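> Have a look at this one before I ask anything.
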Amino acid sequence: MTIRELQRLGRQIFSESASRELQNTIHLDVDLIILEVLLSPNMGSCGEIAPSKDISWLYARLDEPVSDKQLQSAKSLFLRRSRGEPFAYLISRKEFFGRNFLVSKNVLIPRPETELLVERALENIDCILEKRHCLVLELGVGSGCVIISILLELMSRRGLSVGELCNSNAYSFVGVDVSQKAIDVARQNASMFKVDKFVEFKLGSCFEPIESLSARFSSILVVSNPPYIALDEQLPLSVGGFEPEVALRAGKEGLDIIAEIIGGLRSFSLKEKTVLLMEMGYSQRSQVEGILVEKGFDDFDFLKDLAGLERMLELRFN
Ligand SMILES: C[S@@+](CC[C@H](N)C(=O)[O-])C[C@H]1O[C@@H](n2cnc3c(N)ncnc32)[C@H](O)[C@@H]1O
């Protein structure tokens with residue numbers, strides 16, 4: 001079978017079984033799957049992104065043959081994708097902040113809008129927080145893409161090795177999640193980027209597994225992209241049908257974990273200069289503001305993402 005024939009087979013499988021959501025992108029999905037199958041021995045890896053071939057490379061080779069093994073892999077991926085499974089789960093990786101992270105069905109697929117958390121974290125570390133004994137704590141670490149990106153970006157912007165950054169006692173990195181399976185993925189990513197000795201992962205809910213840590217630090221940066229979707233909100237099949245419920249939903253109004261984090265901040269951070277950066281739903285501003293006022297916080301802003309939606313809380317205190 002040639003690549004051209006494989007394309008036809010893929011389009012046929014998709015047109016027979018793809019959901020309406022996918023009908024508009026059949027050609028692209030088929031081509032990306034074929035590209036993945038043909039190149040996976042070279043590019044099916046995570047880590048720093050290497051220059052790779054694109055769809056024009058595929059179109060220059062339409063009459064070349066595919067092996068039986070490639071045909072079987074492609075068929076299985078066509079079927080999974082046509083049933084709505086996100087592309088990132090098929091290829092076990094997703095790009096975030098310029099790097100490829102390993103993902104599995106046990107973690108949320110990193111979203112581009114969450115890169116704002118990393119950008120603001122770096123700005124806060126540079127301008128607001130103490131340059132020594134700073135704890136960077138992520139609540140709801142998932143694949144680890146956020147905390148690992150912060151660490152790697154700090155290293156590259158300062159021209160330091162990870163040992164120089166962390167051994168000097170300047171920074172400590174801790175990631176928490178309620179899902180052991182998510183922590184396993186985060187650890188794999190940390191090890192892939194060779195920072196596993198410098199990020200500690202803890203199992204538990206929000207601040208609970210780390211209560212005794214804060215006294216050792218002079219400043220604390222808490223970052224979080226918590227689950228914030230309401231219980232009855234309809235989600236597209238690719239999200240609601242495949243991504244972990246615990247990473248998406250948080251009680252009746254989607255505010256349970258946001259409230260737990262804001263509520264736990266004061267007793268966690270006693271006198272340290274503290275910044276909380278937290279992603280939230282674009283329509284949750286007034287409810288989040290209500291929680292902040294109730295807890296006695298007054299120094300905060302809501303930041304907009306590239307689409308102009310208020311997606312992030314930035315809170316400072318002490
Ligand atoms: C929206 S995902 C974010 C994952 C990753 N940080 C990212 O941005 O791609 C939320 C994560 O929070 C975790 N989580 C849910 N409830 C939690 C809780 N009470 N305490 C800590 N983590 C929680 C989920 O398991 C999930 O990994």
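The values are calculated or read from the model by the stated rules, or taken from the named source; none is laboratory data. Remember, predicted model here, so these are calculated numbers, not experimental data. Glycine also receives a Cβ, built like all others from the backbone with ideal geometry; neighbour counts cover every protein chain displayed.
> LEU270 fails exactly one of the following numbered conditions: (1) in a loop (DSSP other than H, G, I, E, B); (2) more than 11 Å from the ligand (Cβ to nearest atom); (3) under 18 Å from the mean Cα position of the chain (by Cα). What is the number of that condition?
Exception for LEU270: condition (3).
> Ok, one more. Just to verify a result, which residue in the stretch 204-237, among those that are farther than 26 Å from VAL293 by Cβ and touching an Asp or Glu at 6+ places or on another chain (Cβ under 7 Å), is farthest from the ligand (Cβ to nearest atom)?
If we take residues in the stretch 204-237 being farther than 26 Å from VAL293 by Cβ and touching an Asp or Glu at 6+ places or on another chain (Cβ under 7 Å), then SER218 is farthest from the ligand (Cβ to nearest atom).
> Sort out which residues of the stretch 84-118 are touching a helix residue (DSSP H, G or I) at 6+ places or on another chain (Cβ under 9 Å) and either hydroxyl-bearing (Ser, Thr, Tyr) or assigned to a helix (DSSP H, G or I) (or both), and write them in order of number.
PHE87, TYR89, LEU90, ILE91, SER104, THR114, GLU115, LEU117, VAL118
> Continuing with the same structure: Read through the list (1) away from the ligand (no atom under 15 Å from the Cβ); (2) in contact with a strand residue (DSSP E or B) (Cβ under 6 Å, 6 or more places away or on another chain); (3) under 15 Å from GLU200 (Cβ atoms), then give the number of the only condition that PHE173 fails.
Unmet for PHE173, out of (1) away from the ligand (no atom under 15 Å from the Cβ); (2) in contact with a strand residue (DSSP E or B) (Cβ under 6 Å, 6 or more places away or on another chain); (3) under 15 Å from GLU200 (Cβ atoms): (1).
> Moving to a separate point now. In the same structural domain as VAL288 (by TED's automatic domain parsing), outside any loop (DSSP other than H, G, I, E, B) and modelled with pLDDT under 95: is that true of ILE220 in this structure?
Spelling it out, ILE220 is indeed in the same structural domain as VAL288 (by TED's automatic domain parsing), outside any loop (DSSP other than H, G, I, E, B) and modelled with pLDDT under 95.
> Taking the stretch 175-233, which residues are touching a Phe, Trp or Tyr at 6+ places or on another chain (Cβ under 8 Å) and among the basic types (Lys, Arg)?
Residue satisfying the conditions is ARG187 alone.
> Taking into account only those residues within the stretch 71-81 that are more than 13 Å from LEU32 (Cβ to Cβ) and in contact (Cβ under 8 Å) with a residue 40 or more places away in the chain, which is surrounded by the fewest Cβ atoms within 10 Å (Cβ to Cβ)?
LEU79
> Does at least one position in the stretch 134-157 carry a residue that is touching an Asp or Glu at 6+ places or on another chain (Cβ under 8 Å) and under 30 Å from ARG20 (Cβ atoms)?
Scanning the stretch 134-157 turns up at least one residue that is touching an Asp or Glu at 6+ places or on another chain (Cβ under 8 Å) and under 30 Å from ARG20 (Cβ atoms).
> In the stretch 139-163, which residues are in contact with a Lys or Arg (Cβ under 9 Å, 6 or more places away or on another chain) and either modelled with pLDDT under 95 or more than 6 Å from the ligand (Cβ to nearest atom) (or both)?
Listed by number, the residues that qualify are GLY144, ILE148, SER149, LEU152, VAL162, GLY163.
> Failed condition for ARG111, given (1) closer than 30 Å to LEU248 by Cβ; (2) touching a Leu at 6+ places or on another chain (Cβ under 9 Å), with all others met?
Of the numbered conditions (1) closer than 30 Å to LEU248 by Cβ; (2) touching a Leu at 6+ places or on another chain (Cβ under 9 Å), the odd one out for ARG111 is (2).
> Against the definition (of a type in the set (Val, Ile, Thr) and touching a residue at least 60 places away in the same chain (Cβ under 8 Å)), how does ILE291 come out, yes or no?
Values: of a type in the set (Val, Ile, Thr): yes; touching a residue at least 60 places away in the same chain (Cβ under 8 Å): no.
Judged against the criteria, ILE291 is not a match.
A quick yes/no check of all residues on (1) of a type in the set (A, V, I, L, M, F, W, C); (2) outside any loop (DSSP other than H, G, I, E, B); (3) closer than 23 Å to LYS94 by Cβ; (4) in contact (Cβ under 8 Å) with a residue 60 or more places away in the chain:
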{"site": "LYS131", "(1), (2), (3), (4)": "no, no, no, no"}
{"site": "GLY142", "(1), (2), (3), (4)": "no, no, yes, yes"}
{"site": "ILE148", "(1), (2), (3), (4)": "yes, yes, yes, no"}
{"site": "LEU154", "(1), (2), (3), (4)": "yes, yes, yes, no"}
{"site": "LEU160", "(1), (2), (3), (4)": "yes, no, no, no"}
{"site": "CYS166", "(1), (2), (3), (4)": "yes, yes, no, no"}
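> Across the stretch 184-203, what is the total count of residues that are more than 21 Å from ALA121 (Cα to Cα) and either of a type in the set (Asp, Glu) or within 12 Å of the ligand (Cβ to nearest atom) (or both)?
Matching residues across the stretch 184-203 total 3.
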